[in-house]
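Following: one structure in structure tokens, then a few remarks.
The values are calculated or read from the model by the stated rules, or taken from the named source; none is laboratory data. Just so it is clear, the model here is predicted, and its values are computed rather than measured. Reconstructed Cβ throughout: ideal geometry from the backbone, glycine too, with neighbour counts over all protein chains shown.
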Amino acid sequence: MYIITLANLKGGVAKTTTAINLSLQLWEKRKRVLCMDLDLNNNMTDFFLREVREEELEERNVYHALLEQKEIGTCVYETRFPGISILPATISLGKITEELGSDPRVL
């Protein structure tokens, strides 16, 4: 298993575009891929889960998994590409700083 992280504080440097294209290239090579969308713009989520209603995404997403409100596995969605799964982001991810910032267990 490999973990690939694409990160940059600057916006507009093609992080999401690269992540989507890399996922699709790995999928074409018959690799299983789990994407974790940690961007408030949630464009990767929109690309892979455009058919899923926003209300459903608000019930289980990366926000709930990070706060351990739900098991991470229950927050993962299969995409229309068999073998690519995603832990989606929603606008609720914006509250995570407040939530984790007040938790003494978080370093």
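Against the definition (out of contact with any helix residue (DSSP H, G or I) (no Cβ under 9 Å at 6 or more places or on another chain) and of a type in the set (D, E, K, R)), how does Glu56 come out, yes or no? Before you say what the answer is, go through the steps one by one.
Details: out of contact with any helix residue (DSSP H, G or I) (no Cβ under 9 Å at 6 or more places or on another chain): yes; of a type in the set (D, E, K, R): yes.
It is true that Glu56 is out of contact with any helix residue (DSSP H, G or I) (no Cβ under 9 Å at 6 or more places or on another chain) and of a type in the set (D, E, K, R).
Here are the criteria: (1) over 27 Å from Arg105 (Cβ atoms); (2) among the aliphatic types (A, V, I, L, M); (3) in contact with a strand residue (DSSP E or B) (Cβ under 7 Å, 6 or more places away or on another chain); (4) crowded, with 16+ Cβ neighbours inside 10 Å. Tell me which single one Ile20 does not satisfy. Failing condition for Ile20: (3). Apart from one condition, Asn41 fits all of (1) assigned to a loop (DSSP other than H, G, I, E, B); (2) in contact with a Leu (Cβ under 7 Å, 6 or more places away or on another chain); (3) not aliphatic (A, V, I, L, M); the exception is (2).
When Arg80, Arg30, Arg50 are checked against the criterion of being surrounded by fewer than 16 Cβ atoms within 10 Å (Cβ to Cβ), at pLDDT 95 or above and in contact with an Asp or Glu (Cβ under 8 Å, 6 or more places away or on another chain), Arg80 stands alone in meeting it. Scanning segment 1-31 for residues that are touching a residue at least 12 places away in the same chain (Cβ under 8 Å), of a type in the set (D, E, K, R) and in a loop (DSSP other than H, G, I, E, B) returns Arg30, Lys31.
With the requirement that a residue be among the aliphatic types (A, V, I, L, M) and in a loop (DSSP other than H, G, I, E, B), what does segment 76-104 give you? Val76, Ala89 - these are the residues of segment 76-104 that are among the aliphatic types (A, V, I, L, M) and in a loop (DSSP other than H, G, I, E, B). The lone criterion from (1) under 14 Å from the mean Cα position of the chain (by Cα); (2) surrounded by 12 or more Cβ atoms within 10 Å (Cβ to Cβ) left unmet by Ile4 is number (2).
Leu34 - would you say it is in a loop (DSSP other than H, G, I, E, B) and either farther than 21 Å from Leu100 by Cα or not β-branched (Val, Ile, Thr) (or both)?
Details: in a loop (DSSP other than H, G, I, E, B): no; either farther than 21 Å from Leu100 by Cα or not β-branched (Val, Ile, Thr) (or both): yes.
It is false that Leu34 is in a loop (DSSP other than H, G, I, E, B) and either farther than 21 Å from Leu100 by Cα or not β-branched (Val, Ile, Thr) (or both).
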